[in-house]
Amino acid sequence: MIPTDTALISSDEAILSVEGVGVRFGTRTVLDEVSFTIRPGEFTGLIGSNGAGKTTLLRVILGLQPATGTVLIGGRPRRGRDRLVGYVPQKIALDPDIPLRARDVVGLGLDGHRLGVPLPTRRRRALVAEALDAVDATRFADARIGNLSGGEQQRVLIAHALISRPRLLLLDEPLANLDVRSEHAVVDLLSRIARDRRIGVLLSAHDMNPLLDAMDRVVYIADGHAASGPTDEVVQSDVLSRLYGHHVDVIRLHDRILVSVGRVDRPDEPSEHGPIVVP
Amino acid sequence: MTGFWQGVVEPGFFSSAPVHSAVAVGAIVAVVSGMTGVFTVIRGHSFAGEALGDIGSTGGSASYLLGINPLIGFLGLSVLGAGLMSATGARTRKARDVETGIVVGGALGLAALFLYLDTTRTSTTGAPVTILFGSIFTVPSSTLPIVAVLGGVTLTILLALYRMLLLTSLNPGLAAARGTSVRLVAVAYLALLAVAVSLSAITIGTILSTALLIGPPATALRLTDSPGRATVLAAVIGVASTWLGILLAYDSDYWPRQHGWPASFLIVTIIVAGYLLARVFGRDIRQPAFG
């Protein structure tokens, strides 16, 4: 296991604190007064339907999207490239023609922003092997990244993000296009990483159900507003109704949660398909 | 053994000054084109590479009218073309291809005018063939130092940006999250591409420069999964094809009932043959390499 730099941040201090963040695109408010914190070792789900502002929020945290409000990483405003943050982007299309093996992609996580050609030092090889092992990707380390399955690619990208020893890991819809088994494997892996390495994990998803067992807290986004806290406290009819601004039903069915938004906010959208369910 | 070499290499090959110059210029150009071309292929920029060569031919043909070194004309116009392509800010590949096509069309129109003037107003009646199809044996010896310096600078910048080029090619989002300016890398890359294409324009001509830029990398990418090995292999294949083409072109003067084959034709034919061999006998890259 890669030791984390525990002297850098004490374990109780928030690794990420988002305070009153707002983003407007022209006249449209994408995010409004979004506030929440993530502590080391916590697995947080960033839940919301498509277009709710999840990707925008992650881009704000990464410093790629200008916003009002404050984002503190490790207690400080973020600087240009923050080594404390690892990132796995959304719906990454990997071309099989790109001559990069899984181990090359992980290596680029270490020094992909540097000038020059990577030298195959023993230290670099060891770090890459360690990161591949941590995500159980050693078996396909020498395969072209574009030839791997969605779940395998996701594991390699997690290793790419982990190798620079971040304290906060941001993942944008990593479960999209995965089969149920791969979904479980990726969630288990991330949950273990969060616990073992004391890393704060923030994972966006439109469906919270695959995350229910692993998730410590939830940040629920609707129409640019966010509610955060322990899953059971946030995913309640009264909390989500306040968030959406109208009545919302939360239905617990066996081990699944269904959120029935009940009406369409945008009048230009067809409503004949009945209530929209954000599972 | 001596007898064998006498059969393969016709007399005077190693003592001929045009051959020396061709071998040196050919090697530099092949290395620069091969290594730059790896990124052209993986970034899906093959059309841009072809376009920059075409745009360069406008400058090349103007050079004959102005009486300056054609390399300066090629370089000036292709770098300008790369600048224009960067400035359009096309977001999608389709939009980029359309804008590139428009710029190329305009540039080739001008090239047609300049080539016409070259042949009618100046004494350089061979200019069109030299510009479009190259003439590696008539590269002036004064051009060699310029080629060496440009080649060296291009390779230095390419290797400096190597990791950022790989990461931005894999996924711009990953690179941006690490503080890399994806746009700056893209602009720098197009400038390198413009120089690489200009260099190969003076050796095998603008029309065939794409073959040297795309062929060896495409072959290398069929043979290896490692980015470092692919880059080196593309350079090696480029140099080997160019040298073999030069040798055969020289020898062809001595072949029975022939008065010589053009080097450009031979080089490009060898490159294409190499690619076809790699396709037939190489491992299918779309199959997983592990069991």
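Derivation of every value follows stated rules applied to the coordinates shown; laboratory data play no part. Quick caveat, the model's predicted, so the values are computed rather than measured. Note: ideal-geometry Cβ built from the backbone for every residue, glycine included; neighbour counts use all protein chains shown.
Once you have all Cα-Cα distances for the stretch A:47-189, histogram them in 5 Å bins from zero and send the whole-percent values.
Calculated P(r), rounded to whole percents: 2, 9, 18, 20, 20, 15, 10, 4, 1, 0.
Restricting to Cα pairs below 8 Å that are 6+ residues apart, what does the relative contact order work out to for chain A? Please round to a whole percent. Write out the running numbers ahead of the final one.
Details: 534 pairs, mean separation 66.5, N = 279.
Relative contact order here is 24 percent.
Could you give the length gained on full extension between B:VAL236 and B:ALA17, defined as 0.36 nm per residue of separation minus the Cα-Cα distance, in nm? Walk me through the intermediate numbers first.
Values: separation 219, 0.36 × 219 = 78.84 nm, distance 2.36 nm.
Stretched fully, the B:VAL236-B:ALA17 segment lengthens by 76.5 nm.
Can you classify the stretch B:158-228 as rounded, prolate or oblate using the Cα gyration tensor, where a ≥ b ≥ c are the square roots of its eigenvalues, rounded means a/c under 1.5, and otherwise it's prolate if a/b beats b/c and oblate if not?
Numbers: a/c = 3.09, a/b = 1.55, b/c = 1.99.
Oblate, because a/c is 1.5 or more while a/b does not exceed b/c.
What number, rounded to the nearest 500 deg cm²/dmol, is the helix-based mean residue ellipticity at 222 nm of chain A, given -39500 (n - 2.57) per DSSP H run of at least four residues and division by all its residues? Before the final figure, lay out the partial values.
Values: 7 runs with 75 residues, N = 279.
Counting only the DSSP helices, I get -8000 deg cm²/dmol.
For the pair B:PHE47/A:GLN236, report the inter-label distance in nm, with labels modelled 7 Å from Cα in the Cβ direction.
In this crude spin-label approximation the distance works out to 5.7 nm.
What spacing in nm lies between the two simple spin-label points modelled at A:LEU115 and A:ARG24, each 7 Å away from Cα in the Cβ direction?
Simple spin-label model gives 4.1 nm for this pair.
What is the distance, in nm, between label points placed 7 Å from the Cα along the Cα-to-Cβ direction at B:TRP255 and at A:ALA93?
4.4
Dividing the Cα radius of gyration by the Kirkwood radius, what Rg/Rh value follows for chain A?
Working: Rg = 19.3 Å, Rh = 19.7 Å.
A ratio of 0.98.
For chain A, take the longest principal axis of its alpha carbons; what is the angle in degrees between that and the long axis of helix A:150-162, to the nearest 10 within 0 to 90?
70
Given an 8 Å cut-off on Cα distances and at least 6 residues of separation, report the relative contact order of the stretch A:49-207 as a percent. Please list the in-between numbers first.
Values: 198 pairs, mean separation 47.7, N = 159.
Relative CO of the stretch A:49-207 lands at 30 percent.
Residue by residue through the stretch B:18-33, which ³J(HN,Hα) values in whole Hz follow from phi under the Karplus form 6.51 cos²θ - 1.76 cosθ + 1.60 (θ = phi - 60°), with glycine and proline marked x?
Karplus values, whole Hz, x for Gly and Pro: x, 5, 3, 5, 5, 5, 5, 4, x, 5, 4, 4, 5, 5, 5, 5.
Give me the net charge of B:ARG229's neighbourhood, meaning all other residues with Cβ under 11 Å from the Cβ of B:ARG229; Lys, Arg count +1, Asp, Glu -1.
Its environment carries a net charge of -1.
Going 7 Å from the Cα of A:ARG83 along its beta-carbon direction, which residues of the stretch B:154-177 have the amide nitrogen within less than 18 Å of the resulting point?
Backbone N within reach: B:177.
If the protein assembly as shown were replaced by its equivalent ellipsoid, with semi-axes equal to the square roots of 5 times the Cα gyration tensor eigenvalues, what would those be, largest first, whole Å? Show your work: numbers first, answer last.
Numbers: eigenvalues 615, 136, 79 Å².
Listed largest to smallest, the semi-axes of the protein assembly as shown are 55, 26, 20 Å.
Over chain B, calculate the relative contact order: mean separation of alpha carbon pairs under 8 Å at least 6 apart, over the residue count, as a percent.
Numbers: 437 pairs, mean separation 84.6, N = 291.
Relative contact order here is 29 percent.
Residues in the stretch B:70-112, backbone N under 14 Å from the label point at B:THR120 (7 Å along the Cα-to-beta-carbon vector): list them, ranges by number please.
In the stretch B:70-112, the label zone of B:THR120 (backbone N under 14 Å from the point 7 Å along Cα→Cβ) covers B:112.
Per residue of the stretch A:189-195, what does 6.51 cos²θ - 1.76 cosθ + 1.60 with θ = phi - 60° give for ³J(HN,Hα)? Whole Hz please, x for Gly and Pro, Karplus curve as stated.
Here the 3J(HN,Hα) series is 4, 5, 5, 5, 4, 4, 5 Hz.
Determine ³J(HN,Hα), in whole Hz, for all residues of the stretch B:138-144 in sequence, where each value follows from phi through the Karplus function 6.51 cos²θ - 1.76 cosθ + 1.60 and θ = phi - 60°; x replaces Gly and Pro.
In residue order, the calculated couplings are 10, 5, x, 4, 5, 7, 3 Hz.
Among A:LEU171, A:LEU211, A:LEU258, whose mean-square fluctuation peaks in a Gaussian network model of chain A (Cα, cutoff 10 Å)?
Per the Cα network of chain A with a 10 Å cutoff, A:LEU258 tops the list.
Apply 1/(1 + (r/R0)^6) to the Cβ-Cβ distance of A:ARG195 and A:ASP136, taking R0 = 25 Å, and write down the FRET efficiency to the nearest 0.05.
On the way: r = 16 Å, r/R0 = 0.64.
My answer for the efficiency is 0.95.
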